[in-house]
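Below is one structure, written out as structure tokens, with a few remarks after it.
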Amino acid sequence: MIVNFRTIEYLKSGNERQKLAFSEIKKHKVLEKLKKYNPILTGTIPIEIDVPESDLDIICECQNHSEFKAYLLDQFSQKKDFKVYSILQNEIESTIAEFKTDNFLFEIFGQNIPTERQHAYRHMIIERNILEEKGFEFKQKVKDLKSSGIKTEPAFAKLLGLEGNPYIELLKLEK
């Protein structure tokens, strides 16, 4: 099935956790508030390989990190356990905000890269394609590895027999 990940409408007809994610994102107007940053929900919940502690990862395109950080502070600082910080990830400046709602930990991630070219989005699309190709049993093995504490990309790499940095090796599978 072709899913448009640019919106979250597909979550409405998904599993219970996806429906809850849809409701929570709407209730807190997260995508509405981030609209000018081209937000996309990425990670494990959209492709149904989440575990109970999985968060909602929303990637954004930000040209100016100081302005983005100030905007995140303005919009979300009243949320529980809010924090915002900047780091270098893969030598790329990245600004991250985290906060909790009743049902999820949100992580908002901004880079000066179009959202559909960011690694999180590309990994999700590659992983979704692999899951569609390999089927239910493979999906269950990924979830089992994740439940044992292994992160998503390393879990895929292990099951696929990929050597080296799993984050880089998965990108090599892009179609």
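The values are calculated or read from the model by the stated rules, or taken from the named source; none is laboratory data. Here the structure is a predicted model, which is why all the values come from computation and not from measurement. When we count neighbours, we look across all protein chains shown, and the Cβ atoms used for this are built from the backbone with ideal geometry, even at glycine. These accessible areas exclude ligands, DNA and RNA; they are computed on the full protein's heavy atoms, side chains included. Shrake-Rupley method; radii C 1.70, N 1.55, O 1.52, S 1.80 Å.
Filter the stretch 54-96 down to the residues that are acidic (Asp, Glu) and within 30 Å of residue 16 (Cα to Cα) and list them by number. Lay out the reasoning, then the answer.
We begin by selecting, within the stretch 54-96, every residue acidic (Asp, Glu); these are 55, 57, 61, 67, 74, 81, 91, 93.
Once the filter is applied, which keeps residues that are acidic (Asp, Glu) and within 30 Å of residue 16 (Cα to Cα), the stretch 54-96 yields 55, 57, 61, 81.
Pull out all pairs, ordered by first then second residue, where Cβ-Cβ is under 9 Å, the residues are six or more apart or on different chains, the first lies in the stretch 53-70 and is in a strand (DSSP E or B), and the second is open to solvent by less than 10 Å² (accessible area, probe 1.4 Å) and among the acidic types (Asp, Glu).
56/24
Within the stretch 115-175, which helices (runs of 4 or more DSSP H) (wholly inside it) include 2 or more residues that are within 23 Å of residue 6 (Cα to Cα)? Break it down into steps so the answer makes sense when it comes.
On the way: elements: 119-134, 136-147, 152-160, 166-171.
Ranges flagged: 119-134, 152-160, 166-171.
Identify, from the list 52, 46, the residue that is closer than 30 Å to residue 140 by Cα, of a type outside the set (A, V, I, L, M, F, W, C) and open to solvent by 90 Å² or more (accessible area, probe 1.4 Å). Write out each step before concluding.
Values: 46 fails: open to solvent by 90 Å² or more (accessible area, probe 1.4 Å).
After ruling out the rest, the residue left standing is 52.
I need a count of the residues in the stretch 1-42 that are under 14 Å from the mean Cα position of the chain (by Cα), open to solvent by 50 Å² or more (accessible area, probe 1.4 Å) and among the aliphatic types (A, V, I, L, M).
Residues flagged as under 14 Å from the mean Cα position of the chain (by Cα), open to solvent by 50 Å² or more (accessible area, probe 1.4 Å) and among the aliphatic types (A, V, I, L, M) within the stretch 1-42 amount to 0.
Just a yes or no: is a residue in the stretch 151-162 hydroxyl-bearing (Ser, Thr, Tyr), under 19 Å from residue 17 (Cβ atoms), surrounded by fewer than 17 Cβ atoms within 10 Å (Cβ to Cβ) and in contact (Cβ under 8 Å) with a residue 24 or more places away in the chain?
Here is the first cut: in the stretch 151-162, the residues hydroxyl-bearing (Ser, Thr, Tyr) are 152.
Narrowing further to those that are under 19 Å from residue 17 (Cβ atoms): 152.
Okay, now just the ones that are also surrounded by fewer than 17 Cβ atoms within 10 Å (Cβ to Cβ), so none.
Checked against the condition, which is being hydroxyl-bearing (Ser, Thr, Tyr), under 19 Å from residue 17 (Cβ atoms), surrounded by fewer than 17 Cβ atoms within 10 Å (Cβ to Cβ) and in contact (Cβ under 8 Å) with a residue 24 or more places away in the chain, the stretch 151-162 yields no hits at all.
Of the residues 18, 75, only one is within 25 Å of residue 153 (Cβ to Cβ), of a type in the set (S, T, N, Q) and either part of a helix (DSSP H, G or I) or touching a helix residue (DSSP H, G or I) at 6+ places or on another chain (Cβ under 6 Å) (or both); which? Write out each step before concluding.
Values: 75 fails: within 25 Å of residue 153 (Cβ to Cβ).
After applying the criteria, what remains is 18.
When the residues of the stretch 71-86 are filtered to those that are in contact (Cβ under 8 Å) with a residue 40 or more places away in the chain and closer than 17 Å to residue 35 by Cβ, which remaining residue is surrounded by the fewest Cβ atoms within 10 Å (Cβ to Cβ)?
The residue in question is 75.
Just checking, which of 140, 118, 111, 89 is open to solvent by 30 Å² or more (accessible area, probe 1.4 Å), in contact with a strand residue (DSSP E or B) (Cβ under 9 Å, 6 or more places away or on another chain) and polar (S, T, N, Q)?
Numbers: 140 fails: in contact with a strand residue (DSSP E or B) (Cβ under 9 Å, 6 or more places away or on another chain); 118 fails: open to solvent by 30 Å² or more (accessible area, probe 1.4 Å); 111 fails: open to solvent by 30 Å² or more (accessible area, probe 1.4 Å).
After applying the criteria, what remains is 89.
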